[in-house]
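The values are calculated or read from the model by the stated rules, or taken from the named source; none is laboratory data. What you see is a predicted model, and the numbers here were worked out from it, not measured in a lab. Methodologically, a virtual Cβ is constructed for each residue, glycine included, from the backbone with ideal geometry; neighbour enumeration extends over all protein chains shown. Side chains included, ligands, DNA and RNA excluded: accessible areas come from the protein's heavy atoms. Shrake-Rupley method; radii C 1.70, N 1.55, O 1.52, S 1.80 Å.
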Amino acid sequence: MRITIFGSGYVGLVTGACLADAGNQVVCVDVDERKIAMLKRGEIPIHEPTLDTVIKRNFDAGRLHFTTSAQEGVQHGLFQLIAVGTPPDEDGSANLRYVLDVARSIGEHMSEYKVVITKSTVPVGTADKVREAVGKSLAERNARIDFDMVSNPEFLKEGAAINDFMRPDRVIVGTDSERAAELLRAMYEPFTHNRDRMIVMDIRSAELTKYAANAMLATKISFMNELAHLAEHFGADIESVRIGIGSDPRIGYAFIYPGMGYGGSCFPKDVQALQRSAGEVGYEADILTAVERVNNRQKHVLFNKIKAHFGDLRGKTIAVWGLAFKPNTDDMREAASRVLMESLWAAGATVRAYDPVAMPECERIYGRRKDLVLCQASPDVMVGADALAIVTEWREFRSPDLEYIKNTLLTPTIFDGRNIYDPAQMARAGFSYYAIGRGKRP
Ligand SMILES: NC(=O)c1ccc[n+]([C@@H]2O[C@H](COP(=O)([O-])OP(=O)(O)OC[C@H]3O[C@@H](n4cnc5c(N)ncnc54)[C@H](O)[C@@H]3O)[C@@H](O)[C@H]2O)c1
């Protein structure tokens with residue numbers, strides 16, 4: 001099959017690589033010339049486990065192509081997938097500029113039937129706008145060419161994206177066209193071969209399903225963070241509570257980890273966008289408002305503990321383990337590390353940070369500055385630092401050399417924003433140990 005994907009970011013690249021791996025001829029289009037040049041040279045602009053191998057395999061086999069030419073992309077694919085960014089506008093609503101740019105290009109260049117698929121996360125009603133934009137471009141050149149609209153939201157998780165695409169829990173297809181539904185079924189068949197996982201519905205329901213899924217997951221996280229807060233006040237241990245409630249199959253263990261709040265490119269913007277959409281139809285989405293408020297508060301929780309411990313932070317140095325918003329990615333969009341570091345800097349502290357993959361991204365965001373030292377190895381952050389803060393739960397931080405840390409930090413103090421250590425063991429090892437929701441506040 002001939003497939004075109006607009007947008008070569010986390011979603012577009014993974015989708016393109018996996019669809020090519022199933023034997024399709026895939027063209028990836030991006031407006032970012034630097035990104036396309038890198039990809040043509042065999043360099044991968046993002047960190048996503050095994051993505052480089054899949055891209056290389058299919059690029060070498062001649063099934064995966066990269067271009068900045070929208071025209072080339074539109075002419076190539078029967079399927080036109082739109083996987084461009086939908087960043088938040090100032091008011092929190094999803095910015096559809098890039099999606100509609102692509103829609104117009106499709107209308108301008110298509111010369112035969114196409115299936116136009118929105119894969120980006122877009123508010124309910126966007127497929128109608130895309131349909132209208134494609135139609136308008138066609139009308140402007142008096143072209144009468146048939147096309148179908150599909151909403152096919154993406155559910156991959158950064159850090160596990162290839163596996164999620166290759167073995168999806170479900171494929172949501174929203175369309176009013178049987179022909180398009182059958183074509184999508186054929187496109188996804190290699191990935192849903194052992195059992196049908198395609199769920200076909202109307203377009204608006206598909207669009208809302210994506211927001212509903214992310215809002216539900218964000219709600220679980222904020223709920224646990226709220227409970228962690230209460231646990232601290234009550235002198236209870238949120239980790240025992242987590243295990244206690246997770247054992248109920250109606251609740252389950254997934255996504256009930258307290259921490260430093262959700263980040264990344266999806267949850268924060270999608271919760272906000274759904275709130276805005278609700279506002280547009282005159283509905284006040286109270287749960288979503290609370291989820292966001294709790295999350296914003298949670299992002300400051302580690303800084304507040306550090307400040308409460310040290311008082312004046314001027315001249316202090318805090319070692320930071322983890323910059324990415326979660327493990328196995330270099331993505332720092334809305335990462336808790338940013339709130340922590342910016343608060344520390346504002347308070348006059350210096351940060352010594354280490355992350356296995358996100359340090360180039362950190363440097364891209366903040367540039368070189370005197371109060372940020374990026375260290376090449378995880379133990380190096382400790383040198384000359386007053387305390388260690390754990391911000392991302394990378395596996396390599398889970399069994400640290402406590403003796404080394406104790407002997408190297410100026411004071412043996414750990415602020416654990418991900419609850420990866422046992423408080424009793426840390427106390428035995430001689431640390432002042434602060435975690436999230438684990439026993440009474442000092
Ligand atoms: N990242 C995730 O984990 C994830 C998961 C599910 C859904 N989504 C959604 O998928 C969409 C894309 O997310 P992402 O993280 O891949 O974004 P990204 O920012 O990594 O990539 C978007 C790409 O689109 C390109 N682009 C912009 N305008 C273009 C145009 N007119 N033609 C071609 N390319 C264009 C940009 O240059 C950029 O490379 C968003 O709506 C997001 O909410 C993301």
Check: the chain dipole with +1 on Lys, Arg Cβ and -1 on Asp, Glu Cβ, in debye: 680 debye
List the residues, sorted by chain then number, that are 5 or more residues from V320 or on another chain and whose placed amide H is less than 5 Å from its amide H. R352, A353, Y354, A389
Taking a ≥ b ≥ c as the square roots of the eigenvalues of the Cα gyration tensor of segment 56-198, is the shape rounded (a/c under 1.5), prolate (a/b larger than b/c) or oblate? rounded
In degrees, nearest 10, range 0 to 90: what is the angle between the Cα axis of helix 203-234 and the longest Cα principal axis of the chain? 0 degrees
Can you run phi through the Karplus equation (6.51, -1.76, 1.60; θ = phi - 60°) for segment 386-392 and list ³J(HN,Hα) in whole Hz, with x for Gly and Pro? 7, 7, 10, 10, 9, 10, 10
Exceeding 19 Å between C-alpha atoms, which entries from my cross-link table qualify? They are K119/K269; K114/K210; K210/K269. K114/K210
Output the 0 to 90 degree angle, nearest 10, between the alpha-carbon long axis of helix 178-188 and the longest principal axis computed from the alpha carbons of the chain. 50 degrees
Can you list residues whose amide H is under 5 Å from M201's amide H, if they're 5+ apart or on another chain and H is modeled 1.01 Å from N? V173, G174, T175
Accessible-area composition of the chain, carbon plus sulfur, in percent [1.4 Å probe]: 51 percent
So for segment 174-291, using the alpha carbon gyration tensor with a ≥ b ≥ c as root eigenvalues (a/c under 1.5 gives rounded; past that, a/b versus b/c decides prolate or oblate), I'd call it oblate
So, for segment 124-227, what is the accessible surface per residue at a probe of 1.4 Å, expressed in square angstrom? 48 Å²
Which Cα, out of G23, T350, A94, lies furthest along the positive dipole direction of the chain (beta carbon charges, K/R +1, D/E -1)? T350
If one builds a Gaussian network model of the chain from Cα atoms under 10 Å apart, the most fluctuating residue listed among V150, V351, V241 is V241
Name the most mobile residue of Y188, Y283, Y421, meaning the one with the largest mean-square fluctuation, in a Gaussian network model of the chain with Cα contacts below 10 Å. Y283
Candidates Q75, Q425, Q272, ranked by Gaussian network fluctuation over the chain, Cα under 10 Å, top entry: Q425
Nearest 10, in degrees from 0 to 90: the angle of helix 286-298 to the longest Cα principal axis of the chain is 50 degrees
Grab the DSSP H runs of the chain that are 4 residues or longer, score each as -39,500 (n - 2.57), total them, divide by all residues and round the 222 nm result to the nearest 500 deg cm²/dmol. -13500 deg cm²/dmol
If the cut-off is a Cα-Cα distance under 25 Å, which lysines reach K305, setting aside same-chain residues fewer than 8 apart in sequence? K220, K316, K326, K370, K406, K440
Whole-number D in µm²/s for segment 283-415 (Stokes-Einstein; Kirkwood sum over Cα pairs; 37 °C, 0.692 mPa s): 215 µm²/s
In the neighbourhood of K269 defined by beta carbon distances under 11 Å, the net charge of the other residues (Lys, Arg +1; Asp, Glu -1) is -2
Residue by residue, what Karplus-based ³J(HN,Hα) values in Hz, rounded to whole numbers, does segment 108-124 have, using 6.51, -1.76 and 1.60 with θ = phi - 60° and x for Gly and Pro? 5, 10, 6, 10, 7, 4, 9, 9, 9, 10, 8, 9, 4, 7, 9, x, 4
Let me check against my output: what whole-number percent is the relative contact order of segment 55-138, with C-alpha pairs under 8 Å and at least 6 apart? 32 percent
Positive-pole candidate from Y262, T408, F234, dipole of the chain, charges at beta carbon: T408
Compute the relative contact order of segment 331-442 as a whole-number percentage, counting only Cα pairs closer than 8 Å that sit 6 or more residues apart in sequence. 20 percent
Normalising by the residue count of the chain, find the relative contact order in percent from Cα pairs under 8 Å and 6+ residues apart. 12 percent
About its Cα centre, segment 1-143 carries a charge dipole, from +1 on Lys and Arg Cβ atoms and -1 on Asp and Glu Cβ atoms, whose size in debye to the nearest 20 is 400 debye
Charge tally for neighbours of I256 with beta carbon under 9 Å away, counting Lys, Arg as +1 and Asp, Glu as -1, is +2
Using θ = phi - 60° and the Karplus curve 6.51 cos²θ - 1.76 cosθ + 1.60, what whole-Hz ³J(HN,Hα) does each residue of segment 353-365 get, with Gly and Pro shown as x? 10, 9, 9, x, 9, 8, 5, x, 5, 4, 5, 5, 6
Net charge near V84 (other residues with Cβ under 10 Å of its Cβ; Lys, Arg +1; Asp, Glu -1) is 0
